[in-house]
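The values are calculated or read from the model by the stated rules, or taken from the named source; none is laboratory data. This structure is a prediction, so every number in the text was calculated from the model and none was measured. Don't worry about glycine lacking a Cβ; one is built from the backbone with ideal geometry, like all the others, and counts go over all protein chains shown. Protein only, heavy atoms only, side chains kept; ligands, DNA and RNA dropped before computing areas. Shrake-Rupley method; radii C 1.70, N 1.55, O 1.52, S 1.80 Å.
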Amino acid sequence: MDCIFCNIVNHTEQAEVLFESDKVLAFLDINPVNFGHALVITKNHYPDFLTVPKDELDQVVNTVQAISDVIKHKLNSDGFNIVINNGTAAGQTVPHFHFHIIPRFHNDDFRFKLNLKKYSDNLMKEYADKIRAELK
Ligand code: 5GP
Ligand code: ZN
């Protein structure tokens, strides 16, 4: 399988690497929403959030927090978004698990396009019941 992020891990594809450890790699997104937009990935290939083993996820999250801290306090962003797209329906284009860390600035003219719904009648409780029933 030819995976662009696996190729970055294997150094067969160039990237601007920010951090590397045994299990984790962080690098700049080639098409940033704002400059400094970073991606944090597991070195192992997992397709999405649900398939990442917990110990590797912990290490990724630690890196996400460290890079977010730099983006907020050293790049002086006004805020930041942490995003994971899971599945093509959710906008995932590279099927190798990754967090986005997106520096945000007041008036940066980037908005997630939200088309918000309203629950009718008992529907909110029905959804909550379905989810609660499946949680261990
Ligand atoms: P997704 O849409 O899957 O959540 O995000 C994939 C991200 O990977 C996109 O933001 C895209 O710009 C970035 N990307 C795709 N190919 C490359 C690449 O070859 N190098 C780097 N650094 N980023 C890439
Ligand atoms: Zn991969």
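Things worth noting here:
- Within segment 27-56, the set of residues being away from ligand 2 (no atom under 16 Å from the Cβ) and buried (at least 16 other Cβ atoms within 10 Å of the Cβ) comprises ASN34, GLY36, HIS37, ALA38.
- Within segment 22-51, the only residue that satisfies the criterion of being free of Cβ contacts under 8 Å to residues at least 40 places away in the same chain and acidic (Asp, Glu) is ASP22.
- Where a residue in segment 52-80 is touching a residue at least 12 places away in the same chain (Cβ under 8 Å) and its partner, wherever it lies, is loosely packed, with under 11 Cβ neighbours inside 10 Å and part of a helix (DSSP H, G or I), with Cβ under 7 Å and at least six apart: none
- Pairs linking a residue in segment 105-124 that is without any contact (Cβ under 8 Å) to a residue 60 or more places away in the chain to a residue that is surrounded by 10 or more Cβ atoms within 10 Å (Cβ to Cβ) and assigned to a loop (DSSP other than H, G, I, E, B), with Cβ atoms under 9 Å and 6 or more positions apart or on different chains, are HIS106/ASP78.
- Every residue from segment 88-136 that is loosely packed, with under 11 Cβ neighbours inside 10 Å, of a type in the set (Asp, Glu) and closer than 30 Å to ALA26 by Cα: ASP109
Per-residue answers, yes or no, for (1) at pLDDT 95 or above; (2) of a type in the set (Phe, Trp, Tyr); (3) within 15 Å of ligand 1 (Cβ to nearest atom):
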site: LEU18; (1), (2), (3): yes, no, yes
site: THR42; (1), (2), (3): yes, no, yes
site: PHE49; (1), (2), (3): yes, yes, yes
site: LYS54; (1), (2), (3): yes, no, no
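- Within segment 63-87, the set of residues being away from ligand 2 (no atom under 16 Å from the Cβ), part of a loop (DSSP other than H, G, I, E, B) and open to solvent by less than 50 Å² (accessible area, probe 1.4 Å) comprises SER77 only.
- Restricting attention to segment 1-21, the residues that are touching a residue at least 12 places away in the same chain (Cβ under 8 Å), assigned to a loop (DSSP other than H, G, I, E, B) and either surrounded by 15 or more Cβ atoms within 10 Å (Cβ to Cβ) or touching a helix residue (DSSP H, G or I) at 6+ places or on another chain (Cβ under 8 Å) (or both) add up to 3.
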